[in-house]
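The values are calculated or read from the model by the stated rules, or taken from the named source; none is laboratory data. Not measured: the values here are computed from a predicted model. Every residue, glycine among them, receives a Cβ derived from its backbone with ideal geometry; neighbour counts consider all protein chains shown. Surface accessibility is based on the protein's heavy atoms, side chains included, excluding ligands, DNA and RNA. Shrake-Rupley method; radii C 1.70, N 1.55, O 1.52, S 1.80 Å.
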Amino acid sequence: MPSQARVKMASVIVSVWLSILLIVPCGANEIPPQVVRASIKRSEALGDCTLVWQVSLSRLPAPISPQLRQQQYDLIYQQFVQRAAVTQPRDAEREAHQAAQRFIDAMNTASAARSYQTPYYITRLSGDLYVLGLEEIHTPEGLGFLGCTVRYTDGYGVRFNPWAKLQGQTVTAQDVLSGRSRLLPAARIWAAPGHAANYRSFERPVDLTPEVLCLVAVRNPLTLYGASWSVDRTNGRIISLSTRVEKGNKSPFRVRLTLDKQRGMALSRVEVTYLGMKGEEEYAVSRWGQRAGIWIPLRVEEKQWDDNQRIQRVWQLKQVIPPQKNASVPLGFWVQDMRLLGPFGTDNDVATRADEIVGYKWNGRLPEISELQAMRHQANGASHPAAHLPPMRFIAPLALTLIGVIWYWRLKRAERKASSP
């Protein structure tokens, strides 16, 4: 090759490599400073407010095979027959059979396809994040709903159900306090390694992930998982960042963020790919608007799927109003404190370490971890209706929502006994 041609070819190669190096920086610490500044500015610009979203949800649970139904029936029957043998040995087998059968009936309810629309209220207030929405409750008689309020703050999250509705019957937290009903699950508290809105846990009220919360609450995506982000790709329109999450529920998984340069580095798309199981998630903004000098999502399309279910949600922003306070846990209400499971608790931890879930009546103050440990030792097997969790070693996403089935069954039994001559 002539010398001039070789020089020209070398120049082309160098130019190509320089272009690649400029387009795709290497290393987790090479996010351009302007991206970091823009993300912080966006999260602070909106201030304290409540974003009112109209949400259309479609859920398609995976079918439950006859073999799995039988396995779960056997498992629940064995656990209930052991309990009943202590409390009512005469009727142990009958009581265990009824409990197991009604649990399976509730699983059938949970496995049916369904769709509905409901408003969600997402409140940003003094650094905390509050959510008000609907949770499903699955019973043998059909699908019911729980009002669900959630507070995400530094170090922990709190979920509380102020009311429930099933077959036209509405039960409130005050009904639970007065002993008239046990339909509502107790309030639950879980630990987080940082701000609870940034991390996944076994406690995922209304199936909200940190990714969708980031979009619908206009939060800083760079704070998710306390992660170090790598630049995957950048051009004149977008910059793509990714990280791998190794701890917490559903880990390991990979998260990819797409930021829109033309809209001030607004988060426009998130993709989550599970690495230890089948499934993935996608979140995409399909319509934009402007408020407080920044671009914010007006329509968000959400898809989640794994071996248990497929969820599709469409979020449409209706209005932005002054911050609204959620209902708080009333004094004397029964609380399930799960913080002893640690800040990276998983569904499996709930199943295998249920004895570390501490129940107590709420007095308005969050106990220290040392106090929780003392309460756990002091309880030494003492029971409370809300502390009797159903078996959780199966279909983890359904386990917590099915807790109400047992309470509902007990409530109906009590009503029948009260009405019998």
- request: Return the ratio Rg/(2.2 N^0.38 Å) for the stretch 138-223, where Rg is computed over Cα atoms only.
  value: 1.27
task: Evaluate the relative contact order of the stretch 180-255 (contact order divided by residue number), counting alpha-carbon pairs under 8 angstrom at least 6 apart; express in whole percent.
output: 21
query: Three principal axis extents, largest first, for the C-alpha atoms of the stretch 300-362, in Å?
result: 42, 37, 18
task: Determine, for each peptide in 49-59, 214-224, 273-283, the mean count of other beta carbons within 10 angstrom over its residues, then list the peptides with the highest first.
output: 214-224, 49-59, 273-283
- request: Sticking with the crude label model, points 7 Å out along Cα→Cβ, report the distance from GLN79 to ILE238 in nm, one decimal please.
  value: 4.3
- request: Using a 1.4 Å probe and ignoring any ligands, DNA or RNA, find the accessible area of ASP74 and quote it in Å² to the nearest 10.
  value: 70
field: Net charge over other residues, Cβ less than 12 angstrom from the Cβ of ASP128 (K, R count +1; D, E count -1)
entry: +2
- prompt: With the Cα gyration tensor of the stretch 62-188 giving a ≥ b ≥ c as the square roots of its eigenvalues, does the rule (a/c under 1.5 for rounded; else a/b larger than b/c for prolate; else oblate) give rounded, prolate or oblate?
  reply: prolate
Residue pairs, from the table LYS278/LYS318; LYS250/LYS303; LYS165/LYS325, whose Cα atoms sit over 24 Å apart: LYS278/LYS318
Peptide ranges 250-261, 304-315 listed from the most packed, as the mean C-beta count within 10 angstrom indicates: 250-261, 304-315
- prompt: Measuring from centroid to centroid over Cα atoms, what is the spacing of the stretch 331-354 and the stretch 313-330 in Å?
  reply: 26
